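The values are calculated or read from the model by the stated rules, or taken from the named source; none is laboratory data. These figures come from a predicted structure and were not determined experimentally. Quick reminder, even Gly has a Cβ in these numbers, built from the backbone with ideal geometry, and neighbours come from all protein chains shown.
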Amino acid sequence: MAERPSAAQEALSKVEDQLSCLVCLEPYTNPRLLSCFHVYCQHCLEDIVTHNRQGQLECPKCRRPTPLPPTGVSGLQAAFNVHHLFDIQETLEKIKEPQKLACEKCSKTTRKATSFCRQCTKFICDMCTTIHKEYEEFEGHEVVTLEKVEGDLIRLVSPKKTSPRCPKHDEKMKLYCEPCGELICRDCLVHIHKDHKYCVIADTFESHKKEILDSLGPVEKQLEATDTALVNLDGRHAEIIEHGGKIATNIHSKFNEIRRALDAREGELMAELEGHTQQQLKSLSAQREEVEILQTQRSSCLHFVRESIRTGSPGDVLKMKQGVVKQVRELVDTFDPNTLEPRETTNTCFVPSAQLVKECKKFGALCCVNIPQKAIADQKVTAYCRFLSPKNSAPPEAKLISKRTDKATKCVVKERGKGKYEISYQPTVGGASELIVRVGGEEVAGSPFPVAVKTPIDKLGTVIKTINDLKRPHGVALNQAGEIIVAEHDAGIVSIFSPTGDKLRTLDTRGTAVGEMEYPRGVAVDGDDNILVVDAGNHRLLKFSRGGDLIAAVGSHGDGPGQFNNPIGVCVNSVNGKVYVVDFGAYCVHIFNSDLTFSSKFGSKGSGNGQFDSPYDVASDRSGCVYVVDAGNYRVQVFTPDGGYLRQFVMRGSGNGELSGPVSICVDSDDLVYVGEYGNDCVSVFTCEGVFLKSFGSRGSGPGQFISPYSIAVDQCGVVYVSDYGNNRVQIFS
């Protein structure tokens, strides 16, 4: 039986794998970094450039292009972290046979090594170990026994973080020129960078390191998305195979009834099914390769940057900072989330024909139905049904049913030839709907198909449902299941309703203890369906799970970081995942990280740009921009995700887009901005640039009327939910 490799041998094998160039398959020589964070030998990259007529440097692994600097391949960023791996490799070679190790520190080379000093990177004997412990010059050195080294091989060798020297003046480069993004020495500062802003590396390295690490946040999320996408693609791959098997079984069962007459037809259909299934699998395989490339790029980015920061000196890290941050941003900007969604679906089905005996020569059909997932109310929408067996003459039947009203919309089916059918429908009611498609009296695979019917803005304003008997409802939000979350201010509770308005559960922990609420105001939902509540009475921000379990509670009364003076509005930025809380009494907006640790805040009292007078609510759009309703100044201000002022729109007025007491705001999936007005008791709709589109509502207690519309939520269908504070209800509009 073969002897199991030692821990050192296994670690050495892993390190050697990381030290081999993917082009020449030899250990790296002068390793260079591409913009995709893959590393290759300099001479290998120069060969690639030489053989490429366009002069484009394309990564051999992921095919991402890297722009060449004027100096060519030699001007690319050096992968200095690779040198640390060579140091580890050298030490691992020695420890493969620890019984043969001799002391490398003292003159008695016959003494057996028993420990390892990480700072000296030498194996030492017992006497040298004692000297390390007793002599002041070795203070801070980490000495570990060989047994401990075996269990901690990853941390075997400390990175050699040496400051680089200036190639012009042969001095240590201890300064960083911020405009140029370069390391400089004192002579460079005097002669070349005289009027430039600079900093001492040792003093500012931590802030620069944090900036680099912060830039990795979107990459981490994209890597998680690619991981999830690969799982989904593998799952869809299995579903298609399983679904194809089910269809095959169905085909077999039908054909067994009239086997002799349908043997030939069965073979044809099975061949068609196999061909279609293989075509889908081939398409999925191609898509999987695309996602794997995205995953590889982002994984390489994270691994390289973190290892470089861990193993490189401050100078090395800052030397690469500008290029790395630029490369990271390019990597983030080129990410297309649409690539992650499986392009193929299990939309194939077997449809048996009527009159089996007479129609045995063309018995059964495989068909695919392509349904638009988003329709516009009062606008003609077309879906398509395609038969893989074009000789089948059974036309499909279809109808569109609103899930809110149960009303059916008539569908028109037209044959387009070659087994293709066009299904047209013109929805009259907005909201979630279902398209039912039948062939030969049986529903096709996937039916009913979900269709999001979005009402055109010019038609918006019809009340389709009302949730009554609430106690001063303030905040309103929607979770991924379409449940309606309402903060009842006077009751001190948060109530959750089904999409049809039935009460499901309540967060009713009223009080002043941690996790309890006195006067809940704004509510929001994060990407994990957790519920965020601002509690004005206790000056707190609370996070609950969808089921109501307390996850976190932050804040107290005061003006320090993370403290509140009457918090009132809250939103979650879908781009950066951060939580924004409007502090009415402090005239500012607090920014929290997704784990509710305090990040920063912006705003002050006043009427200038970026100042507030009675801020009430906050929302964000698809690009991450933040919108704040500034009631006292009769306007909406727009900010960057970090709180930088961008623009404002609409001033004081009494209608037609002129705001009067704006108190609530919401931005939908099309970046349309909905503003609830206390003074006009209406909801006004604008583009994200502030162009007025329409208003609906007036003061009163009838359907479609308001008394203080304090919060707004909009679902993917454009259905608008408004908390009607003074009338103790939530009205739903389409």
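When you scan the range 400-456 for strands (runs of 3 or more DSSP E) that lie fully inside it, which ones turn up with 2 or more residues that are of a type in the set (A, V, I, L, M) and modelled with pLDDT under 85?
431-439
Of all residues in the range 506-558, which are among the small types (Gly, Ala, Ser) and either touching a Pro at 6+ places or on another chain (Cβ under 6 Å) or surrounded by 14 or more Cβ atoms within 10 Å (Cβ to Cβ) (or both)?
Once the filter is applied, which keeps residues that are among the small types (Gly, Ala, Ser) and either touching a Pro at 6+ places or on another chain (Cβ under 6 Å) or surrounded by 14 or more Cβ atoms within 10 Å (Cβ to Cβ) (or both), the range 506-558 yields Gly515, Gly522, Ala524, Ala536, Gly537, Gly548, Ala552, Ala553, Gly555.
Taking Ile212, is it under 20 Å from Val328 (Cβ atoms) and buried (at least 18 other Cβ atoms within 10 Å of the Cβ)?
Judged against the criteria, Ile212 is a match.
Filter the range 512-536 for residues that are small (Gly, Ala, Ser), modelled with pLDDT of 85 or more and not in a strand (DSSP E or B) and give the result.
Correct list: Ala513, Gly527, Ala536.
Has the range 460-476 got any residue that is charged (D, E, K, R), part of a strand (DSSP E or B) and surrounded by 22 or more Cβ atoms within 10 Å (Cβ to Cβ)?
Taking every residue of the range 460-476 in turn, none turns out to be charged (D, E, K, R), part of a strand (DSSP E or B) and surrounded by 22 or more Cβ atoms within 10 Å (Cβ to Cβ).
Look at Gly624 and say whether it is buried (at least 20 other Cβ atoms within 10 Å of the Cβ) and either in contact (Cβ under 8 Å) with a residue 12 or more places away in the chain or within 24 Å of Asp214 (Cβ to Cβ) (or both).
Considered against the rule, which asks whether it is buried (at least 20 other Cβ atoms within 10 Å of the Cβ) and either in contact (Cβ under 8 Å) with a residue 12 or more places away in the chain or within 24 Å of Asp214 (Cβ to Cβ) (or both), Gly624 comes out as no.
Every residue in the range 601-646 that is at positive phi and within 30 Å of the chain's Cα centre (by Cα), please.
Selection gives Gly603, Gly610, Gly624, Gly643.
For the range 256-292, which residues satisfy the criterion of being within 33 Å of the chain's Cα centre (by Cα) and more than 17 Å from Ile241 (Cβ to Cβ)?
Once the filter is applied, which keeps residues that are within 33 Å of the chain's Cα centre (by Cα) and more than 17 Å from Ile241 (Cβ to Cβ), the range 256-292 yields Glu289, Glu290, Val291, Glu292.
Yes/no per residue for (1) of a type in the set (Lys, Arg); (2) on the phi < 0 side of the Ramachandran plot; (3) in contact (Cβ under 8 Å) with a residue 60 or more places away in the chain:
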residue: Ile371; (1), (2), (3): no, yes, yes
residue: Thr382; (1), (2), (3): no, yes, no
residue: Lys418; (1), (2), (3): yes, no, no
residue: Ser424; (1), (2), (3): no, yes, no
residue: Ser433; (1), (2), (3): no, yes, no
residue: Val444; (1), (2), (3): no, yes, yes
residue: Ile457; (1), (2), (3): no, yes, yes
residue: Leu460; (1), (2), (3): no, yes, yes
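Looking only at strands (runs of 3 or more DSSP E) that fall completely inside the range 159-248, which ones have 2 or more residues that are hydroxyl-bearing (Ser, Thr, Tyr)?
none
Among the residues of the range 564-582 satisfying the criterion of being of a type in the set (S, T, N, Q) and either within 21 Å of the chain's Cα centre (by Cα) or within 19 Å of Asp214 (Cα to Cα) (or both), which is surrounded by the fewest Cβ atoms within 10 Å (Cβ to Cβ)?
Filtering the range 564-582 for residues that are of a type in the set (S, T, N, Q) and either within 21 Å of the chain's Cα centre (by Cα) or within 19 Å of Asp214 (Cα to Cα) (or both), the one surrounded by the fewest Cβ atoms within 10 Å (Cβ to Cβ) comes out as Ser574.
Condition first: in contact with a helix residue (DSSP H, G or I) (Cβ under 6 Å, 6 or more places away or on another chain), over 30 Å from Glu330 (Cβ atoms), of a type outside the set (Lys, Arg) and surrounded by 12 or more Cβ atoms within 10 Å (Cβ to Cβ). Can you find one or more residues in the range 231-238 that meet it?
Yes, because at least one residue in the range 231-238 is in contact with a helix residue (DSSP H, G or I) (Cβ under 6 Å, 6 or more places away or on another chain), over 30 Å from Glu330 (Cβ atoms), of a type outside the set (Lys, Arg) and surrounded by 12 or more Cβ atoms within 10 Å (Cβ to Cβ).
Given the range 581-649, what strands (runs of 3 or more DSSP E) lie entirely inside it while holding 2 or more residues that are farther than 24 Å from Ser669 by Cβ?
588-592, 598-602
Which condition does Met127 not pass, out of (1) farther than 30 Å from Ser299 by Cβ; (2) without any contact (Cβ under 8 Å) to a residue 12 or more places away in the chain, if it passes all the others?
Of (1) farther than 30 Å from Ser299 by Cβ; (2) without any contact (Cβ under 8 Å) to a residue 12 or more places away in the chain, only one is false for Met127: (2).
Can you name the residue in the range 484-499 that is surrounded by 18 or more Cβ atoms within 10 Å (Cβ to Cβ) and assigned to a loop (DSSP other than H, G, I, E, B) and is also modelled with the highest pLDDT among such residues?
His489
Does any residue in the range 578-591 that is over 13 Å from Gly562 (Cβ atoms) come within less than 6 Å, Cβ to Cβ, of a residue that is of a type in the set (D, E, K, R) and surrounded by fewer than 21 Cβ atoms within 10 Å (Cβ to Cβ) six or more places away or on a different chain, and which pairs are these?
Between residues of the range 578-591 that are over 13 Å from Gly562 (Cβ atoms) and residues that are of a type in the set (D, E, K, R) and surrounded by fewer than 21 Cβ atoms within 10 Å (Cβ to Cβ), the close pairs are Tyr587/Lys605.
Name every residue in the range 669-692 that is in contact with a Ser or Thr (Cβ under 9 Å, 6 or more places away or on another chain), surrounded by 15 or more Cβ atoms within 10 Å (Cβ to Cβ) and either touching a residue at least 40 places away in the same chain (Cβ under 8 Å) or of a type in the set (A, V, I, L, M) (or both), in order of residue number.
Leu672, Val673, Tyr674, Val675, Gly676, Tyr678, Val683, Val685, Cys688, Phe692
Answer yes if at least one residue in the range 154-163 is modelled with pLDDT under 80, in contact with a Leu (Cβ under 8 Å, 6 or more places away or on another chain) and closer than 28 Å to Glu307 by Cβ, and no otherwise.
The answer is yes, given that some residue of the range 154-163 is modelled with pLDDT under 80, in contact with a Leu (Cβ under 8 Å, 6 or more places away or on another chain) and closer than 28 Å to Glu307 by Cβ.
Here are some conditions: (1) modelled with pLDDT under 90; (2) touching a strand residue (DSSP E or B) at 6+ places or on another chain (Cβ under 9 Å). Ser654 meets all but one. Which one does it not meet?
Status for Ser654: all satisfied but (2).
Find the strands (runs of 3 or more DSSP E) located wholly in the range 677-729 whose residues include 1 or more that are outside the structural domain of Cys666 (by TED's automatic domain parsing) and under 23 Å from Arg622 (Cα atoms), and list them.
Answer list for the range 677-729: none.
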